[in-house]
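Below is one structure. I have some questions about it.
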Amino acid sequence: MHDRRLRSSSAAVLSASLSLLAASCRDDAEPTEDAEVAASTRNHLVWKRQHALEQDLARGLELDPRQMCRELGQFDCVQQVHLMALGGHDPFGQARYEPAAQPLVTTSLAVDRLALSACARRVELDREDPVVFTGLDLDAQAPAPDSAAVERTVTTLYQRLLGREPTSGEVDVLAELVADAQRPISGAQFAQLSCFAVATTTEFLFF
Amino acid sequence: MQFCATYPSSPDCLGQVTTCETCHLSTEPASWNPYGIAVLAKLGDGDFDTQLSDVLIAIEDDDADGDEVGNLDEILIGTNPGNADSLWLPPAPPEGPDNRWYEVGDYDRRFAYRRASTLYCGYSPSYDDMRAFEALDADEQSTSLHETLALCLDATYWTSTGLRELADPRVRPIYAVGADTDVQFAEFRLVLADYDWDYRLWRYILSDDRDIRQLLTADYHVEEDAAGDLVRIDGVIEDPRIDNGLAGGQPLEPQHRAGMLTTQWFLVNNTMFSELPRTAAAAAYRGFLGMDISRNQGIMPVAGEPLDIDGKGVSAPTCAVCHSTLDPLAYAFAYYHGIEFPYDNGRYDPERPTTLIPAWDPSRQQSVVLGRPVASVPEWGRVASESVMFRRAMAGMFFAHALGRDPGPAESDDLAGLIDTMDGDAYSANRLIHRIVDTPSFGAP
């Protein structure tokens with residue numbers, strides 16, 4: 001049961017990610033708020049490294065950074081285990097005097113690990129005292145894709161993590177997480193997966 | 001040198017010395033890239049010293065490396081005219097309907113505000129912060145951006161973590177021999193020096209609008225008081241010998257101090273046991289003038305050098321190219337101990353060179369930095385700190401941090417502007433960062 005749920009969750013996230021990509025690349029003739037617009041040609045994004053990444057997740061989700069992600073329940077994901085992969089360096093313990101110039105092969109894995117853990121932690125805390133996912137019943141089945149609860153959740157995540165409102169297309173993409181009536185997911189799963197999807201967007205990870 | 005005299009506006013000549021790679025594939029044995037071959041072919045039997053400039057001009061319209069960008073254009077944008085892989089084309093202008101989220105291709109104050117907060121505060125602006133910022137008019141946004149930046153530059157993240165991380169490649173701490181080590185050596189705790197002095201001095205000078213030239217000239221030290229504030233202290237700091245540690249103070253008298261170049265840690269870590277501290281000189285040259293001799297950067301040969309005063313074989317042709325610059329850089333550092341058991345780490349000793357190097361002759365071992373003879377490391381630091389190389393190194397360090405990469409041809413003009421304004425800004429790192437945030441390189445998505 002646990003494995004099946006994991007596979008289902010992964011498929012839903014992959015589907016949502018591809019849809020986010022498609023939404024940004026589509027060639028619609030009809031002008032909408034998500035229509036293609038002039039894009040930067042400067043190749044100019046900066047990698048959001050470990051400190052800002054940790055702070056943005058902690059602040060956006062109102063978490064204690066030290067409790068956001070710990071490997072084996074003991075070792076801090078950001079400051080210890082995945083420090084280099086997340087763009088940091090350790091001059092004292094590892095004699096690494098400068099950070100990697102570009103993201104490493106393992107960076108996306110470490111980012112996924114951190115984001116998923118932070119989102120899961122927020123969902124766990126929200127079961128007792130809702131702070132972020134205030135419009136969801138986390139123990140019940142997730143609401144319908146066109147429900148106000150889904151839109152409110154997505155809007156909250158965009159505001160908290162990206163500092164802006166989502167477009168209608170972006171709401172639609174994340175609503176696809178709950179669109180498969182054959183494979184229903186819980187409110188908690190929708191909360192965690194939508195949080196993960198937003199926290200692993202290019203927009204969140206680069207600036 | 002003639003190359004930069006001919007092309008003073010080339011980014012390769014902006015606060016640095018053009019490298020051998022402009023013409024050479026190798027200096028020993030000598031081989032040339034296509035641009036170097038073109039220079040040689042045009043020069044023929046002509047005199048290199050007097051005719052090089054004419055030759056360079058004569059081949060400006062050619063495309064030596066066949067990358068479809070002419071030699072002169074490559075020189076002026078800072079790519080290598082002899083390497084077809086060294087190529088840059090300006091970004092295409094953005095096309096398509098207006099982007100309502102970003103001022104694509106133009107300075108975007110929202111983008112700059114978000115970027116400045118992330119870099120210098122250590123976190124992105126909140127949704128409410130962004131809404132409040134967007135509600136301002138253009139002038140108010142510029143004011144708000146700089147007010148936010150000023151707060152960030154005074155806040156703990158930047159003054160403690162951000163600045164410390166910039167110091168790491170220059171300080172290069174080693175925990176096992178630092179003040180907190182638990183490594184034992186006989187009955188001693190193996191404290192060779194305390195690099196926290198270096199970090200505090202660096203953070204102090206690069207904050208609060210202080211003059212960053214003091215990185216190479218300060219004759220004082222910096223402590224952290226009980227409130228966590230950095231405070232200047234003067235004089236000699238005796239080694240504390242905590243838990244029978246060997247060192248950890250600052251033993252130099254002020255007249256022998258030259259900021260970051262003469263801390264006990266710098267001398268211990270770079271000089272160690274060497275008679276002629278070439279590594280110390282090279283670290284100073286690399287860390288504060290931005291030129292890495294091991295990469296053929298900053299080669300400014302001194303006539304008659306290298307003398308190979310310590311018999312290391314550096315006058316061999318393969319070595320002499322670099323050591324004709326490096327050895328004269330290093331002579332002044334020979335008067336400072338590196339690791340000297342039991343209690344002389346980093347001390348000044350006027351007899352050290354003659355004691356360690358039998359052939360040492362003070363009248364011949366003339367230290368030279370950037371073409372200027374200097375009598376001591378403090379003078380070395382003063383000459384270096386007044387140079388355009390130092391300004392480029394410091395501006396380049398902060399600019400690269402802001403961009404997340406080294407500045408490229410598209411950012412050359414902005415970098416040149418930052419170097420030029422440093423003097424008028426009293427060499428303040430904070431003012432430099434405010435200027436960086438205002439550049440199109442920083443704020444134009």
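The values are calculated or read from the model by the stated rules, or taken from the named source; none is laboratory data. Treat the numbers as computed from the prediction; the structure is a model and nothing was measured. Quick reminder, even Gly has a Cβ in these numbers, built from the backbone with ideal geometry, and neighbours come from all protein chains shown.
Step by step: first the residues of the range B:134-184, then only those that are over 19 Å from the mean Cα position of the chain (by Cα), in a helix (DSSP H, G or I) and within 10 Å of another protein chain (Cβ to nearest Cβ), then the one that is farthest from residue B:266 (Cα to Cα). Which residue is that? Please lay out each step first, then the result.
Restricting attention to the range B:134-184, the residues satisfying the condition of being over 19 Å from the mean Cα position of the chain (by Cα) are B:134-161, B:174-184.
Checking the rest, the ones that are also in a helix (DSSP H, G or I) come to B:134, B:138-154, B:156-161, B:175-177.
When the remaining residues are screened for being within 10 Å of another protein chain (Cβ to nearest Cβ), the result is B:134, B:157, B:161, B:175-176.
Details: B:134: 47, B:157: 25, B:161: 21, B:175: 14, B:176: 15 Å.
Only one residue fits best here, namely B:134.
Ok, one more. Identify, please: which residue in the range A:68-79 is over 16 Å from residue A:192 (Cβ atoms) and within 18 Å of the chain's Cα centre (by Cα) and is, among those, surrounded by the most Cβ atoms within 10 Å (Cβ to Cβ)?
We begin by selecting, within the range A:68-79, every residue over 16 Å from residue A:192 (Cβ atoms); these are A:70-79.
Of the ones still in play, those that are also within 18 Å of the chain's Cα centre (by Cα) are A:70, A:77-78.
Values: A:70: 16, A:77: 22, A:78: 24.
Among those that are over 16 Å from residue A:192 (Cβ atoms) and within 18 Å of the chain's Cα centre (by Cα), it is A:78.
Can you tell me which residues in the range B:182-204 are farther than 18 Å from residue B:252 by Cα, touching a residue at least 60 places away in the same chain (Cβ under 8 Å) and in contact with a helix residue (DSSP H, G or I) (Cβ under 7 Å, 6 or more places away or on another chain)?
B:188
If you don't mind, there's one more thing I want to ask. I'd like to know if the range B:230-253 contains one or more residues that are touching a residue at least 60 places away in the same chain (Cβ under 8 Å), in contact with a Ser or Thr (Cβ under 9 Å, 6 or more places away or on another chain) and part of a helix (DSSP H, G or I).
No, the conditions are met nowhere in the range B:230-253.
Related question: Please determine whether any residue of the range B:308-319 is touching a helix residue (DSSP H, G or I) at 6+ places or on another chain (Cβ under 8 Å), modelled with pLDDT of 95 or more, buried (at least 21 other Cβ atoms within 10 Å of the Cβ) and assigned to a helix (DSSP H, G or I).
no
So which of B:163, B:136, B:149 ends up being surrounded by 14 or more Cβ atoms within 10 Å (Cβ to Cβ) and in contact with a Cys (Cβ under 9 Å, 6 or more places away or on another chain)?
The unique qualifying residue is B:149.
Let me ask something else. Filter the range B:238-257 for residues that are at positive phi and not charged (D, E, K, R); which is surrounded by the fewest Cβ atoms within 10 Å (Cβ to Cβ)?
Result: B:244.
In the range A:71-100, what residues are on the phi < 0 side of the Ramachandran plot and touching a residue at least 40 places away in the same chain (Cβ under 8 Å)?
Initial filter on the range A:71-100 (on the phi < 0 side of the Ramachandran plot): A:71, A:74-86, A:88-94, A:96-100.
Across the range A:71-100, the qualifying residues are A:77, A:99.
Which fully enclosed helices (runs of 4 or more DSSP H) of the range B:1-117 have 3 or more residues being outside the structural domain of residue B:300 (by TED's automatic domain parsing) and within 30 Å of residue A:165 (Cα to Cα)?
Here the list reads B:109-116.
When the range B:284-305 is examined, which residues are found to be touching a residue at least 40 places away in the same chain (Cβ under 8 Å) and assigned to a helix (DSSP H, G or I)?
Result: B:284, B:285, B:287, B:288, B:289, B:295.
A further question follows. Can you find a residue that is basic (Lys, Arg), under 20 Å from residue A:96 (Cα atoms) and outside any helix (DSSP H, G or I) anywhere in the range B:189-202?
Looking through the range B:189-202, none of the residues is basic (Lys, Arg), under 20 Å from residue A:96 (Cα atoms) and outside any helix (DSSP H, G or I).
Right, something else. Return yes or no: is residue B:111 more than 9 Å from chain A (Cβ to nearest Cβ) and of a type outside the set (Lys, Arg)?
It is false that residue B:111 is more than 9 Å from chain A (Cβ to nearest Cβ) and of a type outside the set (Lys, Arg).
Something else now. Can you tell me which condition residue B:228 does not meet? The list is (1) surrounded by 12 or more Cβ atoms within 10 Å (Cβ to Cβ); (2) on the phi > 0 side of the Ramachandran plot, and all the others hold.
With respect to (1) surrounded by 12 or more Cβ atoms within 10 Å (Cβ to Cβ); (2) on the phi > 0 side of the Ramachandran plot, residue B:228 is out only on (1).
Out of the residues in the range B:399-421 that are away from chain A (no Cβ under 13 Å) and in contact (Cβ under 8 Å) with a residue 40 or more places away in the chain, state the one that is surrounded by the fewest Cβ atoms within 10 Å (Cβ to Cβ).
B:416
A quick yes/no check of all residues on (1) within 30 Å of residue B:105 (Cβ to Cβ); (2) of a type outside the set (D, E, K, R); (3) away from chain B (no Cβ under 13 Å):
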| position | (1), (2), (3) |
| --- | --- |
| A:38 | yes, yes, no |
| A:53 | yes, yes, no |
| A:60 | yes, yes, no |
| A:69 | no, yes, yes |
| A:72 | no, yes, yes |
| A:81 | no, yes, yes |
| A:90 | no, no, no |
| A:97 | no, yes, no |
| A:101 | yes, yes, no |
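Test residue B:82 against the criterion of being at the interface with chain A (Cβ under 10 Å from one of its Cβ atoms) and more than 30 Å from residue A:132 (Cβ to Cβ), and give yes or no. Walk me through it before giving the result.
Working: at the interface with chain A (Cβ under 10 Å from one of its Cβ atoms): no; more than 30 Å from residue A:132 (Cβ to Cβ): yes.
So residue B:82 fails the test.
I'd like the residue in the range A:149-206 that is of a type in the set (Phe, Trp, Tyr), surrounded by 19 or more Cβ atoms within 10 Å (Cβ to Cβ) and within 14 Å of another protein chain (Cβ to nearest Cβ) and, out of all such residues, is farthest from residue A:87 (Cα to Cα).
Applying the filter and picking the extreme gives A:158.
Follow-up question, since we're still on this one. I'd like to check something: does the range B:363-372 contain any residue that is more than 25 Å from residue B:311 (Cβ to Cβ) and surrounded by fewer than 19 Cβ atoms within 10 Å (Cβ to Cβ)?
There is at least one residue in the range B:363-372 that is more than 25 Å from residue B:311 (Cβ to Cβ) and surrounded by fewer than 19 Cβ atoms within 10 Å (Cβ to Cβ).
Which one of these is in contact (Cβ under 8 Å) with a residue 12 or more places away in the chain, out of contact with any strand residue (DSSP E or B) (no Cβ under 7 Å at 6 or more places or on another chain) and either closer than 30 Å to residue B:276 by Cα or crowded, with 16+ Cβ neighbours inside 10 Å (or both): B:393, B:384?
Within the list B:393, B:384, the selection yields B:393.
Only one residue in B:113, B:107, B:120, B:102 is surrounded by fewer than 19 Cβ atoms within 10 Å (Cβ to Cβ), under 30 Å from the mean Cα position of the chain (by Cα) and among the hydroxyl-bearing types (Ser, Thr, Tyr). Which one?
Going through B:113, B:107, B:120, B:102 in turn, the sole match is B:107.
What pairs can you find where one residue is in the range B:146-160 and in contact (Cβ under 8 Å) with a residue 12 or more places away in the chain, the other is part of a helix (DSSP H, G or I) and of a type in the set (Asp, Glu), and their Cβ atoms are less than 9 Å apart, with a gap of 6+ or different chains?
Once the first residue is in contact (Cβ under 8 Å) with a residue 12 or more places away in the chain and sits in the range B:146-160, its partners that are part of a helix (DSSP H, G or I) and of a type in the set (Asp, Glu) give B:146/B:438; B:148/B:129.
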